[in-house]
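Structure first, commentary second.
The values are calculated or read from the model by the stated rules, or taken from the named source; none is laboratory data. Here the structure is a predicted model, which means the values were calculated and not measured. Quick reminder, even Gly has a Cβ in these numbers, built from the backbone with ideal geometry, and neighbours come from all protein chains shown. Side chains are part of the model used for accessible areas, which takes the heavy atoms of the whole protein and leaves out ligands, DNA and RNA. Shrake-Rupley method; radii C 1.70, N 1.55, O 1.52, S 1.80 Å.
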Amino acid sequence: MKTYICIVCGFVYDEAVGRPEDGIAAGTLWADVPETWTCPDCGVAKADFEAVEV
Amino acid sequence: MSTPALVIVGAGLAGWTTAREFRKLDTSTPVVLVTADSGDFYAKPTLSNACAQKRLAEQLVTTPAAKMAETLNVRLLAHSQMQAVDAAAHSLTVTHADGSSETLAYRQLVLATGAHPIKVPMQGAAAAQVQSINQLTDLAQFQQALGTSPKTLLVMGAGLIGCEFANDLVLGGHTVHVVDPATRPLAALLPAAASEQLQAALHALGVVWHLGTTVQSLSPRADGGGLSATLANGHAVSADLVLSAVGLRADTAVAHAAGLQCERGVVVDDLLHTSAPDIFALGDCAQYASAGGRTLPYVMPIMNAARALASTLAGTPTPLVFPLMPVSVKTPAWPIVVAAPDPRLAGGWMAEDLDAEAAQAGGAWRFMDAEGQQRGFVLTGKQSTRRMELSKTTVL
């Protein structure tokens, strides 16, 4: 499971946690997050997220 | 004089996002971006959660300035200061780091100069040692002073940024004191009960609150170790570092000198147009007609403003209409989402009835106006996941 960070506001999407309040179940891989999903904190598209290096 | 270009002053989120959105609509007009700093792009909200994540200031940069400039086909003038704007001549003077200066002609000028941390006047020989963090270089300086061992910190201000830093620093292993003249944290944003929850959650992590008082003076400690703050309530607090997070004041100096109408910020209409022809402003330096003359120093308003402005600059006048913009307060000890009602609205907060167990873990409040319509909300703790649901029932 990986995490992705919004380059604009720093919001973190964690695949393990998902985003249940937006209908994205825990364990949802980043690739499977709908393209229409936008950052809950700043509204940018999925393309503006990048993988967090561990 | 160079070819008239779109000139953007400021390389924060507002400046870069305007350039990026403009380039989506217009790939040929020259764009010049002037910035007093390096121009590196980073997510500003990460300034206040870097400590717990053990990230250094330079690690927050997501795209280096040169890469931004190349991708967006922008001429970047880094480490350069805007000195003056001649609105009648459509030109501005810029001084570079090497002392040389340059006059730039503009077709349109965008002011995205941001804001400065407000400095509270105080007495004492160490008053000048108070730090503020509003940009990457501030954070780098603060982290250097912080070092690697646990420290005792005094945070001035229990607003959004003060609370975020308090939470971040306490998670980073430091001892944190917070001073604020209000009697509760986030007093301007939250109903009292929500403030009290946050206060208790941060207290449980070790944050020491000094509410309803201010720092009167800051002096070096007599024993040579760190600083000693004297509060208006008579108490003394020893600290290694003092961080001020009492708020921001829009940077309007050059705009004001150029004759642009400025109040709390550079005054802009719903097209983000200032009082001078072809000069626009957005971000922390602007006060928006679209927000009833308020400044809105948050990410979401900047993103909305930059999109509308880019469209206007590219030839399609696009009035800025802000949608509902809930703000997440990054206090992991007690997560909070606030959709603040317009401060001019009469009304009051109504708490949702939760069962005892749920009420322990969070809270939900709706701001109801005189007509009984919901105009804002606050969600805390476990309830903070209900942002979508409450957004739908909020009337703008």
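Name every residue in region B:178-198 that is part of a loop (DSSP other than H, G, I, E, B) and open to solvent by 20 Å² or more (accessible area, probe 1.4 Å), in order of residue number.
B:Pro181, B:Ala182, B:Thr183, B:Arg184, B:Ala187, B:Ala188, B:Leu189
Just to be sure before I move on: is B:Gln143 closer than 29 Å to B:Gly247 by Cβ and out of contact with any strand residue (DSSP E or B) (no Cβ under 6 Å at 6 or more places or on another chain) in the structure I sent?
Details: closer than 29 Å to B:Gly247 by Cβ: yes; out of contact with any strand residue (DSSP E or B) (no Cβ under 6 Å at 6 or more places or on another chain): yes.
Spelling it out, B:Gln143 is indeed closer than 29 Å to B:Gly247 by Cβ and out of contact with any strand residue (DSSP E or B) (no Cβ under 6 Å at 6 or more places or on another chain).
Looking at the structure I just gave you, is B:Leu354 hydrophobic (A, V, I, L, M, F, W, C) and modelled with pLDDT under 95?
The answer is yes for B:Leu354.
Tell me whether region A:15-31 contains one or more residues that are closer than 17 Å to B:Glu21 by Cα and either open to solvent by 30 Å² or more (accessible area, probe 1.4 Å) or within 12 Å of chain B (Cβ to nearest Cβ) (or both).
Among the residues of region A:15-31, not one is closer than 17 Å to B:Glu21 by Cα and either open to solvent by 30 Å² or more (accessible area, probe 1.4 Å) or within 12 Å of chain B (Cβ to nearest Cβ) (or both), which makes the answer no.
Which pairs turn up if I take residues in region B:290-306 that are within 12 Å of chain A (Cβ to nearest Cβ) and look for partners that are modelled with pLDDT of 95 or more and in a helix (DSSP H, G or I) with beta carbon separation below 6 Å, at least 6 apart in sequence or on another chain?
Partner pairs satisfying both residue conditions: B:Ile302/B:Leu13; B:Ile302/B:Ala14; B:Ile302/B:Gly283; B:Ala306/B:Thr17; B:Ala306/B:Thr18; B:Ala306/B:Glu21.
Residues checked against (1) within 14 Å of chain A (Cβ to nearest Cβ); (2) free of Cβ contacts under 8 Å to residues at least 60 places away in the same chain; (3) out of contact with any helix residue (DSSP H, G or I) (no Cβ under 9 Å at 6 or more places or on another chain); (4) open to solvent by less than 50 Å² (accessible area, probe 1.4 Å):
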{"site": "B:Glu357", "(1), (2), (3), (4)": "no, yes, yes, no"}
{"site": "B:Met368", "(1), (2), (3), (4)": "no, yes, yes, yes"}
{"site": "B:Glu371", "(1), (2), (3), (4)": "no, yes, yes, no"}
{"site": "B:Gln383", "(1), (2), (3), (4)": "yes, yes, no, yes"}
{"site": "B:Arg387", "(1), (2), (3), (4)": "yes, no, no, yes"}
{"site": "B:Ser391", "(1), (2), (3), (4)": "yes, no, yes, yes"}
{"site": "B:Leu396", "(1), (2), (3), (4)": "no, no, yes, no"}
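If you check every pair at least six apart or on different chains, which have Cβ atoms under 8 Å apart with a residue in region B:235-247 that is at positive phi first and a residue that is β-branched (Val, Ile, Thr) second?
Pairs found: B:Gly247/B:Ile118.
Of all residues being in contact with a helix residue (DSSP H, G or I) (Cβ under 7 Å, 6 or more places away or on another chain) and not hydrophobic (A, V, I, L, M, F, W, C) in region B:43-57, which is most open to solvent (accessible area, probe 1.4 Å)? Just the residue, please.
In this case the residue turns out to be B:Lys44.
Considering only residues of region B:1-56 that are farther than 20 Å from B:Ala78 by Cβ and without any contact (Cβ under 8 Å) to a residue 40 or more places away in the chain, which is farthest from the other protein chains (Cβ to nearest Cβ)?
B:Ser28
Would a scan of region B:224-236 turn up a residue that is assigned to a helix (DSSP H, G or I) and among the aliphatic types (A, V, I, L, M)?
no
Return the residues of region B:86-112 that are under 25 Å from the mean Cα position of the chain (by Cα) and assigned to a strand (DSSP E or B); say none if nothing qualifies.
B:Leu109, B:Val110, B:Leu111 - these are the residues of region B:86-112 that are under 25 Å from the mean Cα position of the chain (by Cα) and assigned to a strand (DSSP E or B).
If you go through region A:22-45 one residue at a time, how many are out of contact with any Pro (no Cβ under 8 Å at 6 or more places or on another chain), in a helix (DSSP H, G or I) and closer than 27 Å to B:Ile302 by Cα?
Qualifying residue count, region A:22-45: 1.
Mind telling me which of the residues B:Val338, B:Val321, B:Val378 ends up being open to solvent by 50 Å² or more (accessible area, probe 1.4 Å) and either closer than 30 Å to B:Val31 by Cβ or touching a residue at least 24 places away in the same chain (Cβ under 8 Å) (or both)? Quick ask: steps written out before the conclusion?
Working: B:Val338 fails: open to solvent by 50 Å² or more (accessible area, probe 1.4 Å); B:Val378 fails: open to solvent by 50 Å² or more (accessible area, probe 1.4 Å).
It is B:Val321.
Does region B:60-79 contain at least one residue that is part of a loop (DSSP other than H, G, I, E, B) and free of Cβ contacts under 8 Å to residues at least 40 places away in the same chain? Write out each step before concluding.
Initial filter on region B:60-79 (part of a loop (DSSP other than H, G, I, E, B)): B:64, B:73, B:78-79.
Going one step further and asking which of them are free of Cβ contacts under 8 Å to residues at least 40 places away in the same chain, we end up with B:64.
Taking every residue of region B:60-79 in turn, at least one turns out to be part of a loop (DSSP other than H, G, I, E, B) and free of Cβ contacts under 8 Å to residues at least 40 places away in the same chain.
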